[in-house]
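Below you'll find the structure, written out as C-alpha cells, and then a few comments.
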Amino acid sequence: MQPVGTYLAELNIGRLVAPTDDPRVAEFMGALDRINGMGKRMPGFVWMMEGSGEPGTGNTENNIGDDPQFVANLTVWEDVQSLEHFVFNTVHKQFYDRRAEWFELMADQHFVMWFVGEGHKPTLAEAMERLAYKQKHGDSDQAFGWSYIKEATLFREKSCRPIAAE
C-alpha cells in the first residue's frame, strides 16, 4: 500500500484531563522526554515535530487553538511496521493502555496517518487538514487510521479497546 519514495506521517491529538502541573497528569508529563527520546532512537524513525506531546510549549506552530491542555504528536516513520513496533512493542504501549487516565474522551477522531514524500516534514496545519479530511470522508489514501492499512498487524493483535472515535 505504501507508495515508493514515501514515508508514513502520523498525527495524534488529545486533551489532558488537567493542566500540565496537576498531579493527575504528572506521571504522563514526567515520561514524555523518555518516551519521545526512545521513539527517536527506534529503527524506522525519521522525524518528530519539535515539542510533540508537550502541551502549552509556547511554540505557536504546535498549538491547537488557545487551549494549553491540548497535546499534538506529529511524527514521520519509514513505514507502518516501524511505527507499529514503537507503539505496540515498547514501553510506549504501557502509556497507550493508560491514556484514559490522562486524556479526555474525544467525540471526534483524533488520529490520522498519511504518506509524505521522503524528506518532507509536515506542519501541524497540514496534519490537521488531513485529520479533518478523514473526519469528513472516512479512511482513504489521503488520510487513514490503523484499520485501513492491511500491513498493520500489531494494531489488530495488541490494540486495546478504543476509548474515543477511531
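Worth pointing out:
- One residue alone among Arg98, Arg130 is under 12 Å from Asn12 (Cα atoms) and of a type in the set (D, E, K, R), and that residue is Arg130.
- So Leu11, is it open to solvent by less than 30 Å² (accessible area, probe 1.4 Å), in contact with a Lys or Arg (Cβ under 9 Å, 6 or more places away or on another chain), at pLDDT 90 or above and not in a loop (DSSP other than H, G, I, E, B): yes
- Taken residue by residue, region 21-41 has no member that is at pLDDT 95 or above and assigned to a strand (DSSP E or B).
- Evaluating Glu84 against the criteria (1) out of contact with any helix residue (DSSP H, G or I) (no Cβ under 8 Å at 6 or more places or on another chain); (2) open to solvent by less than 30 Å² (accessible area, probe 1.4 Å); (3) not basic (Lys, Arg) leaves one unmet condition, (1).
- Hits in region 132-156 - residues which are open to solvent by less than 60 Å² (accessible area, probe 1.4 Å) and in a helix (DSSP H, G or I): Ala132, Lys134, Trp146, Leu154, Phe155
- Scanning region 112-127 for residues that are modelled with pLDDT under 95 and surrounded by 14 or more Cβ atoms within 10 Å (Cβ to Cβ) turns up just one, Leu124.
- Residue match in region 49-59 (condition: at negative phi, crowded, with 17+ Cβ neighbours inside 10 Å and modelled with pLDDT of 95 or more): no
- Test for Tyr96: is it in contact with a Cys (Cβ under 9 Å, 6 or more places away or on another chain), modelled with pLDDT of 85 or more and open to solvent by 40 Å² or more (accessible area, probe 1.4 Å): yes
- Being more than 14 Å from the chain's Cα centre (by Cα) and assigned to a strand (DSSP E or B) holds for only one residue in Val112, Val76, Val71, Val116, and it is Val116.
The values are calculated or read from the model by the stated rules, or taken from the named source; none is laboratory data. Note that the coordinates shown come from a computational prediction; the quantities given were computed from them, not determined experimentally. Glycine gets a Cβ as well: all are built from the backbone with ideal geometry, and neighbour counts include every protein chain shown. The area values use the complete protein model at the heavy-atom level, side chains included, leaving out ligands, DNA and RNA. Shrake-Rupley method; radii C 1.70, N 1.55, O 1.52, S 1.80 Å.
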